[in-house]
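Here the structure is laid out as structure tokens; the discussion comes afterwards.
The values are calculated or read from the model by the stated rules, or taken from the named source; none is laboratory data. Keep in mind it's a predicted model, so treat the numbers as computed, not measured. Virtual Cβ from ideal backbone geometry, glycine too; neighbours counted across all protein chains shown. Ligands, DNA and RNA are excluded from the accessible area calculation, which covers all protein heavy atoms including side chains. Shrake-Rupley method; radii C 1.70, N 1.55, O 1.52, S 1.80 Å.
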Amino acid sequence: MLSVLIETRNDEEGLARTLASLIGGAVEGVVRDVIVCDHGSTDQTHKVADHAGCVWLPGIGLATAIHQAKGEWLLFVQPGARLLDGWVDGATGHMAKATMAARFARARSSRTPFFSRMLTRPSPLAQGLLISKARALALSKAAANSEALARGLGVKTLSAEIAPAPLK
């Protein structure tokens, strides 16, 4: 089982796009719960999370959110990122046989040119992060947020694809 954690602030539209891409995982019984950690949104983020059946946690720390997750594996994604067809099979295959963290492959349609990649540093969560709950709990002691948790972490890249959240 998988818990999805999304940290957000004033991104109701991005949150809705991400939640829509998770529907397949919920229908197949892979996604157990979705936790939205809200860091002071003043828009309708709360309503989007509520209508989608998410657990909404305003102003709460990362470690507390991880503790509340019901799944043995956690998927951290940015609001606005969209998991593409086949992500459920890629994630379940990895969870069944691996203990290390993983990320999704960047969708072909959203890949940046080589030179641009050399000049910019992508977010550590741009391709999501699939990690065991036990490992995330251990790393959360020294991480203020999910990006800090993912930074510098050795991960495997899955064949399943993600369309990263648009840059703001």
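Here are the numbers for this structure:
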item: Residue, surrounded by the most Cβ atoms within 10 Å (Cβ to Cβ), within region 92-106, restricted to residues that are under 15 Å from the mean Cα position of the chain (by Cα) and of a type in the set (D, E, K, R); result: ARG103
item: Within region 26-62, considering residues that are assigned to a loop (DSSP other than H, G, I, E, B) and closer than 13 Å to ASN10 by Cβ, the one most open to solvent (accessible area, probe 1.4 Å); result: THR42
item: Candidates ARG111, ARG106, filtered to the one that is charged (D, E, K, R) and at pLDDT 90 or above; result: ARG106
item: Selection status of VAL4, touching a residue at least 40 places away in the same chain (Cβ under 8 Å) and not in a helix (DSSP H, G or I); result: yes
item: Residue check, ALA20 more than 19 Å from LEU129 (Cβ to Cβ), open to solvent by 20 Å² or more (accessible area, probe 1.4 Å), outside any strand (DSSP E or B) and in contact (Cβ under 8 Å) with a residue 60 or more places away in the chain; result: yes
item: Matching residues, region 122-162, being among the polar types (S, T, N, Q) and buried (at least 23 other Cβ atoms within 10 Å of the Cβ); result: GLN127, SER146
item: Cross-chain or 6+ apart pairs with Cβ under 6 Å, region 73-91 first and at negative phi and polar (S, T, N, Q), then assigned to a loop (DSSP other than H, G, I, E, B) and open to solvent by less than 10 Å² (accessible area, probe 1.4 Å); result: GLN78/LEU125
item: Test result for LEU139, modelled with pLDDT under 95 and touching a helix residue (DSSP H, G or I) at 6+ places or on another chain (Cβ under 6 Å); result: yes
item: Any hit, region 28-42, residues being in contact with a Phe, Trp or Tyr (Cβ under 8 Å, 6 or more places away or on another chain) and at pLDDT below 95; result: yes
